[in-house]
Structures are given as structure tokens and as C-alpha cells.
């Protein structure tokens, strides 16, 4: 029996509250954090880590139970608007890492800022780590090195990167199938979604399948190259996610194997490739390719050639210059952050050489960060278009195509906006690190800022347990901004402002707005169930 109680609905004796959709969906970050601990605790149990796995599992149960209860009782009074979707995605990228960090800080007894840093680095697929084995100077507590971490916590790092690379937005879609959250609005808000199939539902299912396939393929490649089975799975999860967390402090250098490095390069390149293109190749579907893979290969090949020459001239390279250049260029350009050498000892020229590569990144529809190859192609072709139009004037018609698609004036403005935001944010981050760490060089500050903003994870030694909290905070902000390409959070702020203004306007027009807040305007018509 269903009856109405004010603005709420009594279904079979259970009270269901009708609320604005944002109020209901704030539980989604709680559920996402719970899933991260559920998966890592499960793996920990399988590997024999019962103590810490039990702690994480209890937190997972609390998070998931609370989110399910919240979303069961609260039902949306209407569909989610575009502005609310923008706010939800931005809020989720802020809330999920914090919620996921709390159980880790509790279990390890480390300062919350350190666990929070690691969580942000994981979910944003950056890979910078404070688990370097040192005493936090602000709290006087020891932060363990990677090798000292319990297995469940170690796998938590990989899980956060794998989930972050796949996109929390896709996990939201799973909940949306039960809760009515419009998946296309969330995809619009994150600005990364591209249909692989005619419908959005099938597209995301295809993306899930592709992501699992690439992770499995990466694990097989790394295992055949010489990694242990668990290390192969771990590095495939973080490699396909272009995150870069490793089971060893030395990262890929631990293996000291050209074969393992070559396998890692393949995995990193797959993670940075356009997933729509990869899907078409795997399925044998004819489609107009984005040309980003060709652009990535061209930029990487050119950079490797120039990098090899630079390393040969400077004389710095723990390995052969070609070996060092090939790995460093791919790990920087793909936004992964695996390492084979200590870059803190590298000359400033090499650090400066890698900075623009970290800011560029891989394909637009991939797990990588940065400006993206598509925008790089737009910028390069825009130079040609500008020169052509200046020389020939209106006597020659220029068709502006990039990757088989026409680039409109609106698209050009959008690209210029993103690039400008990246450059300005990187400059601000570099300056902030220089002010906080006056003993570090400009090259070091610019490198670390680019690594955080481009969600790469390479480090020249600034990031670590012994870094002051101010430096950690700056890097946390850069990683978070970089995940949604800076503009995503500007969209969130603008959308929040618009929602607030609309609510104030409603209150001025109708004193009884509080009733409308809980009950949609058409509820009294009898058409609402």
C-alpha cells in the first residue's frame, strides 16, 4: 500500500523521503570509498593479512551500509540538472579520497594528511608517494616505506589507482542504474566520456570490458617479462591506470631488466591510448580514428631521439642514454610515473626537458592526465590555419579538421582555455613550492609541480614523508585540479553559484519555498507516483 505523508511517500510502511537529488547522491563518495577498502581487504585476506584486512573490511561495511541506507531512504524529487551534475562530480573527487584515507590513517597510525595525500595520489592516478620511510616533521610520527606496508594497505594503493583510472564517474553509473542518476550528465560533467556503442549503458559496459581486458593483458605481458604473478597484476593495475604506484620504493628499477622495462612501456602506452580507438581495434569495428595514437608515437619518438642526444652530451645516465631516454619519455608522456633511476641526481636540463612532456600527457579518452594529445594537435594545426589565413586571406577556404573531425571556433576557444589554465596553474604551483622550499632549485619545483598537475608521479625528491605539510598541501591541490583539468572545478564553482542564486530567487518569490525543497511542484497533481 502506498500513501503520501506530506512531501514524503509511505511505501509498505517504510518512509521514503523525497529530497533534492544532490542531497541523495552525496552518499556516492561514501560508497566509492567503501568499495576501495572492500577490494583491498579482500585481496589482503587472500594473501594472509588478516589484521589490517579486518580493519579495512569493517570500514568498508560501515561505508557501504551507510550509503545504501541513505540512498534507500532518500529518493530524488526530480531529475538531476546539468549544474547539479557538475557539482556532484567535483564534490566526489574531493570527498572520495578523504573518506578513503581515514581508515588507512587509523590502521597505520600515520597523520591523516599523509594518508590523504596517498589517497588523492591514488584516485587521481598520479603516483606521488609519501610512503618513503621517514618521520613526518609536523606530527613527529613515522610514515613507513612501501616495503613496510601491510599487504592490504599496499593493495589499497593499487586499487585506488585502478578505480581512479577507470573513473569514479563510471562507478556512479552502476549506482545510477538503481537510483536514477542520469549517466549522460555525469559523463558531460567530467568531460571524458565518448560512446563506444549506440547507447550510453552499452558504452560503459564496453568500457568496463575493455578496461578489464587491458589489465589482464598487461599482467600477462609483465609476467612473461619476468615479474612475479602478484607484482605483474599490481603493476598492470597501476600501469593501465597510468598511476605508477609500485610494490617497491625503487619502482621498475628494482627489477633492473630491459625486458621488464620494455613490457612496462607497452602497458603505459596502452593506458595512455584513446580507448575508443583501442575498442575499435579489438572489436574490428571500422571507425574514424582520433589520430591521437599517431600523435603520441610521433611526440614520443621525437622526444626519445632528442633525449638520447641530450643525455649523451650531458653525460648523465645510470644506463645507456637510449634506454634511459626511452623509459623516461614514455613514463612522463603517458602520465604513469614508473621510474628506473633517481631523477633527483639528474641535471636540470633533463628535468626541464621532461616538464612539457608531463604537462602534455596522452590521449583525451584515456586514463592519463595532462593537456592531452588531441589538444596538442589542435594547437599545432591552429598555427598552420592562422598562417594560411594570414597569407591567403579569404581567397582560400580552410577546412579545420583534427583527427577526422571538424574543429569549430567554440572548440578552439575551449582548447585555448584548458591550455591557459594548465600553464597558469603550473606556474602558480611552481612559485608556491619555491616559497615553501627555498633551498630547492627552480627546475626541481617546476618538475614536481608538473608531475602533480599532469598526474604523472615522477619525483625529484620533494615528495616524501619528511616534506613539510605546506608542500604536501600544494601538491594535493595540484593533483586534484589536474584530474579534472582545472576547468572541471571552475565549472563546479560556477554551477554552485548558479544553484545558490536560483534558491535565493525562489525564496524571494515564495516564502514557503521550504515545502518545495522537499516536494516537486507537480507532486500535488496526482501524476507523481
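In the condition set (1) crowded, with 17+ Cβ neighbours inside 10 Å; (2) out of contact with any helix residue (DSSP H, G or I) (no Cβ under 6 Å at 6 or more places or on another chain); (3) part of a helix (DSSP H, G or I), residue 61 is compliant with all but (1). Of the residues 425, 463, 455, 430, the single one that is touching a residue at least 12 places away in the same chain (Cβ under 8 Å), farther than 17 Å from residue 359 by Cβ, buried (at least 18 other Cβ atoms within 10 Å of the Cβ) and in contact with a helix residue (DSSP H, G or I) (Cβ under 7 Å, 6 or more places away or on another chain) is 463.
Is one or more of the residues making up region 307-324 surrounded by fewer than 20 Cβ atoms within 10 Å (Cβ to Cβ) and within 23 Å of residue 483 (Cβ to Cβ)?
Within region 307-324 (the criterion being surrounded by fewer than 20 Cβ atoms within 10 Å (Cβ to Cβ) and within 23 Å of residue 483 (Cβ to Cβ)), the answer is no, since none of the residues qualifies.
For residue 192, the criteria (1) out of contact with any strand residue (DSSP E or B) (no Cβ under 6 Å at 6 or more places or on another chain); (2) modelled with pLDDT of 75 or more; (3) within 28 Å of residue 459 (Cα to Cα) hold in every case but one, which is (2).
Name the one entry in 80, 39 that is surrounded by 21 or more Cβ atoms within 10 Å (Cβ to Cβ), farther than 18 Å from residue 116 by Cα and either under 19 Å from the mean Cα position of the chain (by Cα) or modelled with pLDDT under 90 (or both).
Step by step, each of 80, 39 is checked, and only 80 is surrounded by 21 or more Cβ atoms within 10 Å (Cβ to Cβ), farther than 18 Å from residue 116 by Cα and either under 19 Å from the mean Cα position of the chain (by Cα) or modelled with pLDDT under 90 (or both).
So which helices (runs of 4 or more DSSP H) stay within region 432-529 end to end and still have 2 or more residues that are over 23 Å from the mean Cα position of the chain (by Cα) and at pLDDT below 90?
487-509, 513-518
Here the condition is being touching a residue at least 40 places away in the same chain (Cβ under 8 Å), in contact with a helix residue (DSSP H, G or I) (Cβ under 8 Å, 6 or more places away or on another chain), buried (at least 21 other Cβ atoms within 10 Å of the Cβ) and within 15 Å of residue 459 (Cα to Cα); of 335, 369, 361, it holds for 335 alone. Of the candidates 92, 72, the single residue that is in a helix (DSSP H, G or I) and surrounded by 22 or more Cβ atoms within 10 Å (Cβ to Cβ) is 92.
If you check residue 99 against the conditions, is it more than 12 Å from residue 33 (Cβ to Cβ), touching a residue at least 24 places away in the same chain (Cβ under 8 Å), within 19 Å of the chain's Cα centre (by Cα) and part of a helix (DSSP H, G or I)? Judged against the criteria, residue 99 is not a match. For region 251-265, a residue qualifies if it is in contact (Cβ under 8 Å) with a residue 24 or more places away in the chain and assigned to a helix (DSSP H, G or I), and the qualifying residues are 251, 252, 253, 258, 259, 260, 261, 262, 263, 264, 265. Which residue, of 399, 384, is in a loop (DSSP other than H, G, I, E, B) and over 30 Å from residue 477 (Cβ atoms)? Only one candidate passes the filter, namely 399.
Picking from residues in region 214-237 that are in contact with a helix residue (DSSP H, G or I) (Cβ under 7 Å, 6 or more places away or on another chain) and farther than 20 Å from residue 160 by Cβ, the one that is surrounded by the fewest Cβ atoms within 10 Å (Cβ to Cβ) is 229.
The values are calculated or read from the model by the stated rules, or taken from the named source; none is laboratory data. It should be emphasised that the depicted structure is a prediction, and the values quoted were computed from it without experimental measurement. Quick reminder, even Gly has a Cβ in these numbers, built from the backbone with ideal geometry, and neighbours come from all protein chains shown.
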